[in-house]
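The values are calculated or read from the model by the stated rules, or taken from the named source; none is laboratory data. Computed from a predicted model, the values in this text were never measured in an experiment. Because the Cβ atoms are built from the backbone with ideal geometry, glycine has one as well, and the counts that use them run over all protein chains shown.
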Amino acid sequence: MTRIQHLTNTLGTAWADEPTVRGTAKMAAGAVLIFVGLFGMSPLTSKSRKKGKKKRKRKNKGMMGGILGNMILLAAAGLFLVATITLWPETWDDQVETDGQVADYQSGTGSDGRPIYRPLYRFEADGVEYGFASPVRTNVQPEVGAEVRIAYSASDPEQARRIDGVDGIAHWLFFGVSMLLLLLGGGALSISLVLVGFGIWLFREGRRDLDKPADPEASMQDLRSTFSRIRSGEIDIENTAAGQSGTAGGSAGV
């Protein structure tokens, strides 16, 4: 079950009229939302209440679905974006475009054992031949003599780069990947924060329904106790309001 499903299930719950049942169910559902928001989808075992029945294992998705994982993803995306911008191809005020050729290539072996190639380009400027190596390595063997488009600085033709093919779009591809990771990380982090925030509110509402004191220390003790019961499988997430669509109560006690 996805994290959003846990949230929508809880939002669609028709809570019981009896305060004890309602409060117990709210505390269980709130704790589940907080747990899922902090740590991602529960990596725990769901115990059956029937004696002799084997445990049903819940797939382990670890911490990467929670707030910590989302922040790591955002940080990685940010670093990737900074690196992309730092390595962004240079442009020149006196830039000139011309045709060039693949003069040769360097070859080697990648970490996966496959051959990799680095094209070497050449072009002419004012009757003088210049050359440079591509910053991009590829598994496709370059065709020597193939025409390419080159941009260079008229005042310093040694400052040149290829502007077509993979060389010409690689920086945009990396930029697009960086932005996609930022959007995914930001969206996932937002969902985690909503889950935790709504879970805290719901947990407090459940304690209020049970006439428990509004004491932060007591609330934390109750939350830790509920977390422990979730981790042990005593509280089956699928039997709480967060795990069932439209449930009126919830079978897990707090």
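Residue-wise test of (1) polar (S, T, N, Q); (2) within 30 Å of VAL102 (Cα to Cα); (3) outside the structural domain of ARG118 (by TED's automatic domain parsing).
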residue	(1), (2), (3)
ILE163	no, yes, yes
ILE169	no, yes, yes
VAL194	no, no, yes
PHE203	no, no, yes
ARG207	no, no, yes
LYS212	no, no, yes
ASP215	no, no, yes
GLN221	yes, no, yes
SER245	yes, no, yes
If a residue has to be assigned to a strand (DSSP E or B) and among the small types (Gly, Ala, Ser) to count, how many in region 101-112 make the cut?
3
Out of all the residues in region 191-201, is one or more among the hydroxyl-bearing types (Ser, Thr, Tyr) and surrounded by 13 or more Cβ atoms within 10 Å (Cβ to Cβ)?
yes
If you check VAL82 against the conditions, is it out of contact with any strand residue (DSSP E or B) (no Cβ under 8 Å at 6 or more places or on another chain) and of a type outside the set (Gly, Ala, Ser)?
yes
Quickly run through region 1-37 and pick out the residues that are charged (D, E, K, R) and touching a residue at least 24 places away in the same chain (Cβ under 8 Å).
ARG3, ARG22, LYS26
Which of the residues spanning region 107-124 are within 20 Å of ASP164 (Cβ to Cβ) and not hydrophobic (A, V, I, L, M, F, W, C)?
TYR117, ARG118, PRO119, TYR121, ARG122, GLU124
